[in-house]
Amino acid sequence: MSMISDGQMVLTFDDVLEVEEASFKVYPEVVFDFDKLFSEPLTEENMRSNNSLAILGESLSVLKKMKDKSVQLIFADAPYNIGKDFGNNSDKWESVHAYIEWCKTWIDECMRVLSDTGSMYFMTATQHMSYLDVYVSEKYNVLCRIIWAYDSSGVQSKKMYGSLYEPILMINKNKKASYIFNHEDILVEAKTGAKRKLIDYRKNPPQPYSTEKVPGNVWNFSRVRFKMDEYENHPTQKPEALLERVVKASSNPGDVVLDPFSGSFTTSAMAVRLGRVGVGIDLNEEYYEIGLRRTGIATERNGKSLEKVKTRKTNAKSKYVRGE
Ligand SMILES: C[S@@+](CC[C@H](N)C(=O)[O-])C[C@H]1O[C@@H](n2cnc3c(N)ncnc32)[C@H](O)[C@@H]1O
C-alpha cells in the first residue's frame, strides 16, 4: 500500500487483490453423490446440483429413508404451532401435547441420521422449548442454549412486553461425543475492554484486551426485512447471518448440512456458499422452488421461471394488538 502526501491511502493493484481475497473466501468446488445418503430411493420430487439437493416432500418420511449417521450438521426450524400461514400446510396442532409429541418424532429421526460427531440446532416457540429441552436433555446432550434476539419498532403491544427473541437449542448425541466447533471462524468484535482500550493486568506482562471474541449465547441479528437483498417470500425466513454462524461453527467444508423444514432454504443457501453440501426438505411447492433458485440448482421448473419477485410477508397484527 502506498501513501500520498495529504495522508490518504492509495491501494495498489496488489492491495486490491489482497482485499478481495480476504473478503470473498473461495471454497473448493464440492461434487457430492447424494444417493449415498439414502437406504431406499427417494420417491418425492427432488432436484440436485453438485452440492445441493432440494426435496419436495414430508420431512419425516424423507428422514426415514436416510441412512444412520449420514450428516454432520442439522438445522431444524420446524413450524412453531402458532398458526403461521405456510400455504398448503398448517402450523396448528390440536394441543400442545400433540405438537410436542410430533416434535419428538422428528428430533429422534434427525438424531439417528446425525453423525456421532455431529450437532443439531433446532428452534421452536419460546413457550414450547422448555418441554423439548427436558426431552433432549434426558435423551441426548445439550451443548448450548442460544437466544436469537432482535428489535422491532413495528407493531407494538400496549398490554405486555414485546416478544423479541426466539430460542435455539444446540445438541449432540451424548456428553462424551466430540463435536466440531470452529471458534476462529466466527469471531466477533469485542465491545468491552478492547473498545475502551483497556489493559488486561491479569496477563504477565499486561496486554491490551483482544479485539475479537467468540460470540456469546445471545445472538443479535436483525429479522429479514422486505428491503433486504436476501428477502424471500416466506413468512418466517431466518437471517443468512444467523445460518452463516451455525454452518461455519459446526461443520467443515465438504460436510453435509441438512435442514428438514427448509422454508426459503436459507440453510442450504448458506451451506453451498460456504463450501458445504446442502440437503433441504419442504412440503410446500412454492418454497421448494425458492430453494431451487436460491441454492443454484435451477432457474426454471416445468417451464416456469424461478426469478425472484418480492411480495410482502403479511399484514397480520400480533395477538396483543388484535386484543386476544
Ligand atoms: C419455520 S419455517 C422454516 C423457515 C426457514 N428456516 C427459512 O429460513 O426460510 C417451517 C417450514 O416447514 C415446512 N413444513 C411444515 N411441516 C412440514 C413437514 N411435515 N415436512 C416438511 N416441511 C414442512 C413449512 O412449509 C415451512 O416452510
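Derivation of every value follows stated rules applied to the coordinates shown; laboratory data play no part. Treat the numbers as computed from the prediction; the structure is a model and nothing was measured. Cβ placement follows ideal geometry from the backbone for every residue including glycine, while neighbour counts extend to all protein chains displayed.
Condition (residue is near the ligand (Cβ under 9 Å from one of its atoms) and either within 23 Å of Asp35 (Cα to Cα) or surrounded by 24 or more Cβ atoms within 10 Å (Cβ to Cβ) (or both)) applied to segment 247-257: is it met by at least one residue?
Checked against the condition, which is being near the ligand (Cβ under 9 Å from one of its atoms) and either within 23 Å of Asp35 (Cα to Cα) or surrounded by 24 or more Cβ atoms within 10 Å (Cβ to Cβ) (or both), segment 247-257 yields no hits at all.
This table checks each residue for (1) part of a strand (DSSP E or B); (2) surrounded by 16 or more Cβ atoms within 10 Å (Cβ to Cβ); (3) touching a residue at least 40 places away in the same chain (Cβ under 8 Å); (4) within 16 Å of the ligand (Cβ to nearest atom).
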residue: Ala76; (1), (2), (3), (4): yes, yes, yes, yes
residue: Asn81; (1), (2), (3), (4): no, yes, yes, yes
residue: Ala98; (1), (2), (3), (4): no, no, no, yes
residue: Lys104; (1), (2), (3), (4): no, no, no, yes
residue: Ser119; (1), (2), (3), (4): yes, yes, yes, no
residue: Phe122; (1), (2), (3), (4): yes, yes, yes, yes
residue: His128; (1), (2), (3), (4): no, yes, yes, yes
residue: Leu143; (1), (2), (3), (4): yes, yes, no, no
residue: Ile146; (1), (2), (3), (4): yes, yes, yes, yes
Residue pairs meeting the criteria (Cβ under 8 Å; at least 6 apart or on separate chains; first over 20 Å from Glu230 (Cα atoms), in segment 252-264; second within 13 Å of the ligand (Cβ to nearest atom) and part of a loop (DSSP other than H, G, I, E, B)): Pro260/Ala78
If you take the residues in segment 279-303 that are free of Cβ contacts under 8 Å to residues at least 40 places away in the same chain and either touching a helix residue (DSSP H, G or I) at 6+ places or on another chain (Cβ under 8 Å) or assigned to a loop (DSSP other than H, G, I, E, B) (or both), which one is farthest from the ligand (Cβ to nearest atom)? Gly303
Every listed condition ((1) more than 29 Å from Ile180 (Cα to Cα); (2) assigned to a helix (DSSP H, G or I); (3) touching a residue at least 24 places away in the same chain (Cβ under 8 Å)) holds for Glu244 save (1)
